[in-house]
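Report on the following structure.
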Amino acid sequence: MALPVEEWRLCAARRWAALEPALRERLAAASLHDTLRLGCGLLRPEAEAAALRRLCRRARAGKEPAAARFYREEGNRLFGRRHYGPAVRLYSQAASHELPGSPEVSVCFANRSAALFHLGRFEVCLEDIARAESHGYPDRLLPKVLLRKAECLLCLGRLQDAADALSVVENKIAVDRIMTSPTHQTLLKKLSQLKIKIHEKESCPEPAREACGDIQKKSEIWEENDSVSGASSSLSLNFDTERGRHLVASQDILPGQSLLKEEAFVSVLCPGESLLLQDSSETAWDTRVTNADLYCHRCLRQLLASVPCCGCSYAKYCSQNCADMAWEQYHRTECSLGALLLTLGVFCHVALRTVLLAGFAEVSRLVEWSHHDDKDLHNPEARCKPPSEAPDTRAGTRGIPGCNDNGQYQSSYRAVFNLLPHAEKHSPEHKFLCMLSVVAICKELQEAGLEAAVLNRESSEKWSKPKTHEKTSGELSPELKIMAEAMLRHVLQLQCNAQAITVMQESGSGDGAVVNKKPVRLATAFFPVLSLLNHSCCPNISVSFSGTAATVRASQPIPSGQEIFHCYGKWQDAARHLERSIEIVEMHHGPSSVEMGHELFKLAQILFNGFAVSEALSTIERAEEILSVHFGPQSIQIQELQEMKTCLLALPRSILQRT
Ligand SMILES: [Zn+2]
Ligand SMILES: [Zn+2]
């Protein structure tokens, strides 16, 4: 899902193969700027662009009232069977397809509030009732919803509010005077029951509820680094031509110690597979849940009752606040491009969001600066050398790329821009695919009239002159070319610098049955500070995530002077692979064989490094049991296992609970 869909990759490959050999050669050797200059016109409206448009029809990101009806009926069906959790999800899907302001959307919220009530999620239920009311819920259905509101307030112990809500219902019933219908009789019965309940509670108040969520803050030793934001003072930023920028322990570090805390500069939720698997001819909608249904589009918090975007069916948020913030920061530009972004893959989406967050002024400043640099140094790799004109600053961090004038390295667009694109390591075809994709996005922005939204964010006088390019078809405006160049750079950077945000997700029905937890890739992000860490297959740190924030901890003792290494490899895959091979080892050598002990030891290390806490602990125990029989309790392996266990158990509660 990181790359564009296969059909588009093939389309770009055909275009590449059909180019004049001389042009291919020039493109292969071109700088990013020249790649765009040469390649911009190669996306032909009647050929590649049309093919892409056809592919986009498969990705359903727009609002479809027919889909809304389908999801609502499915939701009702499950509600009838008391499957309230899945019903909540289906009502959410229904709401995301309804046109904003339509009475239907209020019905979705009202239905969802009923399911939430049954799940005991009273606070969220109240929010949905408020949404239903504000979206024009039909008057004749209102008493039922208002009674639910009173019941919710009662359950939350807000007696006065509950009593107030009840008197509203009573007035309403008195005014409406439709006493004959059976639903009305039920309502009246319920009303009097609730009145009695409120009265009972008032005369016999419950003991004050203890303040919940009394989280004891673990006092961690944390002293912030002077030159790297978010990093611990026990690290230092170094630079040499061989390793580039890297972080080194400036003092002995203990396992479990926090080394880095960073908020993603940008992150994009990875869509679920099923969003693209559907054929356009298919009429049935998919009820499978995807990441887009489960996590907030902006902050990645787990969703219960999502707030849909008012323009598309794809973006769903944990709150109105997140929806508003996302709209302001990037979604007003992205919203109508949903299908295109799903088709072109997450890397292109991250690239677009990165330039939107940075703002045009900053993007153009850095793109221009990179042109000066290109003239001096044709080799992009050479840019990681400190500028030779400032040799006197080499002792500090001032000459290190990405650092600001005070020698500080921060999670900023400047730092993101300075991550190496390794343009020379990508195949010319791949670069071409990325270029065509980025141009397709920019052309779409131009055609959809979104250019102003892209550029106005921080527009200066220089750029606010009237646009004359919009009418001439095909050609991108100079400003959008700058954005495209930056985006191309970011797509290429992501190949080496993309950080996956993973969570442990429960698989299974969730209806109380035994569930498995497996790590899932939730989002793709730029973490410029985290990116300072070089890769090793034997990392000495591990990364854990909470929302869009990453925390790096030492996974083993790191002596002063040692480099800090991160494993960008997919430890989850390694773990699954090893688990399968363990089954085979067990069959061949027996469950308590020394071979089995060694395999479990390896697995424990991988799980430990991936901070899969509960899995790691149980694997450590199994390995310990077997290896102590073979080598005795004093052996090095046993000692290492015990150290891992101690480290895991000493982790703050928040991590233990999440995994
Ligand atoms: Zn959110
Ligand atoms: Zn939207």
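The values are calculated or read from the model by the stated rules, or taken from the named source; none is laboratory data. All of these numbers come straight from a predicted model, not from anything done at the bench. All Cβ positions, even for glycine, are placed from backbone atoms using ideal geometry, and neighbour counts span all protein chains on display.
At-a-glance table
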quantity: Conditions (1) modelled with pLDDT of 80 or more; (2) under 31 Å from the mean Cα position of the chain (by Cα); (3) not in a helix (DSSP H, G or I): number failed by residue 101; calculated: (1)
quantity: Residue list for segment 235-254, filter: in a loop (DSSP other than H, G, I, E, B) and crowded, with 19+ Cβ neighbours inside 10 Å; calculated: none
quantity: Test: residue in segment 348-359 that is within 16 Å of ligand 1 (Cβ to nearest atom), under 18 Å from residue 3 (Cα atoms) and modelled with pLDDT of 95 or more; calculated: yes
quantity: Which numbered condition residue 303 misses (of (1) of a type in the set (A, V, I, L, M, F, W, C); (2) within 16 Å of ligand 2 (Cβ to nearest atom); (3) more than 19 Å from residue 546 (Cα to Cα)); calculated: (3)
quantity: Scope segment 290-299; condition under 20 Å from residue 91 (Cα atoms) and within 16 Å of ligand 1 (Cβ to nearest atom); matching residues; calculated: 291, 292, 293, 294, 295, 296, 297
quantity: Test set (1) over 13 Å from the mean Cα position of the chain (by Cα); (2) within 12 Å of ligand 2 (Cβ to nearest atom); (3) assigned to a loop (DSSP other than H, G, I, E, B); (4) not charged (D, E, K, R) - residue 297 fails condition number; calculated: (1)
quantity: Meets criteria (touching a helix residue (DSSP H, G or I) at 6+ places or on another chain (Cβ under 6 Å) and crowded, with 16+ Cβ neighbours inside 10 Å) for residue 144; calculated: no
quantity: Any pair with Cβ under 8 angstrom, 6 or more apart, that starts in segment 3-16 at a residue that is among the basic types (Lys, Arg) and ends at one that is surrounded by fewer than 16 Cβ atoms within 10 Å (Cβ to Cβ); calculated: 15/47
quantity: Complete set of residues in segment 523-558 that are outside any strand (DSSP E or B) and out of contact with any strand residue (DSSP E or B) (no Cβ under 6 Å at 6 or more places or on another chain); calculated: 528, 531, 537, 538, 547, 556, 557
quantity: Tabulated pairs, segment 292-310, first at positive phi, second away from ligand 2 (no atom under 16 Å from the Cβ), C-beta under 7 angstrom, 6+ apart or interchain; calculated: 300/267; 300/501; 300/522; 300/523; 300/547; 300/548
quantity: Segment 317-329, subset in contact with a strand residue (DSSP E or B) (Cβ under 6 Å, 6 or more places away or on another chain) and modelled with pLDDT of 95 or more, residue farthest from ligand 1 (Cβ to nearest atom); calculated: 323
quantity: Selection within segment 94-106 - buried (at least 23 other Cβ atoms within 10 Å of the Cβ) and hydrophobic (A, V, I, L, M, F, W, C); calculated: 94, 95, 105
quantity: Residues of segment 76-93 that turn out to be buried (at least 20 other Cβ atoms within 10 Å of the Cβ) and touching an Asp or Glu at 6+ places or on another chain (Cβ under 8 Å), as a count; calculated: 4
quantity: Within segment 595-638, considering residues that are under 35 Å from the mean Cα position of the chain (by Cα) and not in a helix (DSSP H, G or I), the one farthest from residue 579 (Cα to Cα); calculated: 611
quantity: Residues satisfying the stated conditions in segment 311-331, i.e. in contact with a Cys (Cβ under 7 Å, 6 or more places away or on another chain), in a helix (DSSP H, G or I) and more than 10 Å from ligand 2 (Cβ to nearest atom); calculated: 322
quantity: Matching residues in segment 224-273 - criterion: being touching a strand residue (DSSP E or B) at 6+ places or on another chain (Cβ under 6 Å) and on the phi > 0 side of the Ramachandran plot; calculated: 230, 256
quantity: Which listed residue, of 424, 429, 389, is modelled with pLDDT under 50 and of a type in the set (Asp, Glu); calculated: 389
quantity: Selected residue [surrounded by fewer than 20 Cβ atoms within 10 Å (Cβ to Cβ), acidic (Asp, Glu), within 30 Å of residue 136 (Cβ to Cβ) and without any contact (Cβ under 8 Å) to a residue 12 or more places away in the chain] from 20, 73; calculated: 73
quantity: Some residue of segment 55-76 being at positive phi and assigned to a loop (DSSP other than H, G, I, E, B); calculated: no
quantity: Selected residue (criterion: modelled with the highest pLDDT) from residues of segment 300-310 that are within 10 Å of ligand 1 (Cβ to nearest atom) and not in a loop (DSSP other than H, G, I, E, B); calculated: 307
quantity: Tabulated pairs, segment 158-170, first in contact (Cβ under 8 Å) with a residue 40 or more places away in the chain and surrounded by 15 or more Cβ atoms within 10 Å (Cβ to Cβ), second of a type outside the set (A, V, I, L, M, F, W, C) and assigned to a helix (DSSP H, G or I), C-beta under 8 angstrom, 6+ apart or interchain; calculated: 159/201; 159/202
quantity: Lone qualifier among 284, 292 - being away from ligand 2 (no atom under 16 Å from the Cβ) and modelled with pLDDT under 95; calculated: 284
quantity: Residue check, residue 354 in a helix (DSSP H, G or I), away from ligand 2 (no atom under 15 Å from the Cβ) and closer than 27 Å to residue 455 by Cβ; calculated: yes
quantity: Helices (runs of 4 or more DSSP H) wholly inside segment 114-179 containing at least 2 residues that are among the hydrophobic types (A, V, I, L, M, F, W, C) and at pLDDT 90 or above; calculated: 122-134, 142-155
quantity: Filter pass, residue 136 being free of Cβ contacts under 8 Å to residues at least 40 places away in the same chain, more than 17 Å from residue 75 (Cα to Cα) and among the small types (Gly, Ala, Ser); calculated: yes
quantity: Options 345, 338: the member that is over 29 Å from residue 127 (Cβ atoms) and either more than 10 Å from ligand 1 (Cβ to nearest atom) or surrounded by fewer than 24 Cβ atoms within 10 Å (Cβ to Cβ) (or both); calculated: 345
